[in-house]
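To start, the structure under review is shown below, and the notes come after it.
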Amino acid sequence: MSFGFYARNGFYGSREARVAVDRMRELNIDWVCLIVTVLQDTFASTRQYRDFTVTPADDEVRDIVDYIHSKGMKVQLRPMLECWDGTQRMSVHFPEEGIIIPGKPVTHWSQWFDGLTARTLHYARLAERGGCEAYGLDSELDRTTHQQAHWLRVVAAARSVFQRTPYHEPHRRRGFHQRTHRASRSLVPYVGFCWYQFLRTPCEGSWSKSRRDAEKHRSTSRLVPPGRRVIG
């Protein structure tokens, strides 16, 4: 279960957060995906950062991880990028790198992935110290997946400081097969995809149809090499 989408600074240290964790335990949830929001100004900004009013503090993240563990649940820590301009992370995109004007190299992708690598090192270390069972690189970064070489160094950074399971979820509901790149298919044991399917009311169709739709999406698991799993 995902927990803390766009949670503000201080939320994970609140009584409300612990009540939510208690409720998850009552529902027999096994895994909690704990989200930590980081920001960039616009979809075309190259600098990612922690915001004092939005990003949860490291100490409260550690405390809520410990509390989730105390309830017998496992934790995937997943920092998640948002943009202040409202476009969200799935819009992040830059021109291809190279030199058009002499002396003015285009390096937006390199700069952005430098920030993602630094962010990954920070939060993967936090996940390791907190005993998290998995670490998520991010999600829904649809328009970045073709940047193979840059993703390879992000995965390598996570592996250098996190000894358990790195997890990659760069895809939204569209184009999973076409967008799945070798970095996620060969270097991480778990590949995720997001599935946003509206639940039907009785007048719109049967629950069995909803289940069949879900199984159709799960069939993408055959795209992943043996020894790796797709999680939807």
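The values are calculated or read from the model by the stated rules, or taken from the named source; none is laboratory data. Predicted model, so just to flag it, every value in this text is computed and none were measured. Heads up, the Cβs are rebuilt from the backbone with ideal geometry, glycines too, and the neighbour counts pull from every protein chain shown.
Checked against (1) charged (D, E, K, R); (2) under 23 Å from A57 (Cα atoms); (3) in contact with a Gly (Cβ under 9 Å, 6 or more places away or on another chain), D114 passes all but condition (3). Taking the criterion of being without any contact (Cβ under 8 Å) to a residue 40 or more places away in the chain and part of a helix (DSSP H, G or I), the residues of region 1-30 that qualify are R15, E16, V19, A20, R23, E26. Please work out which one of (1) free of Cβ contacts under 8 Å to residues at least 60 places away in the same chain; (2) more than 24 Å from D114 (Cα to Cα) is the condition I35 fails and give its number. Of the numbered conditions (1) free of Cβ contacts under 8 Å to residues at least 60 places away in the same chain; (2) more than 24 Å from D114 (Cα to Cα), the odd one out for I35 is (2).
Checked against (1) in contact with an Asp or Glu (Cβ under 6 Å, 6 or more places away or on another chain); (2) more than 27 Å from V54 (Cα to Cα), I100 passes all but a single condition, namely (1). Restricting R47, R78 to residues that are at pLDDT 95 or above and part of a loop (DSSP other than H, G, I, E, B) narrows the list to R47. Residues of region 50-62 being exposed (fewer than 13 other Cβ atoms within 10 Å of the Cβ) and either of a type in the set (F, W, Y) or under 28 Å from N28 (Cα atoms) (or both), which ones? Passing the criteria: F52, D59. For region 63-106, taking the residues that are in contact with a Gly (Cβ under 9 Å, 6 or more places away or on another chain) and without any contact (Cβ under 8 Å) to a residue 24 or more places away in the chain, the one that is surrounded by the fewest Cβ atoms within 10 Å (Cβ to Cβ) is identified as P105.
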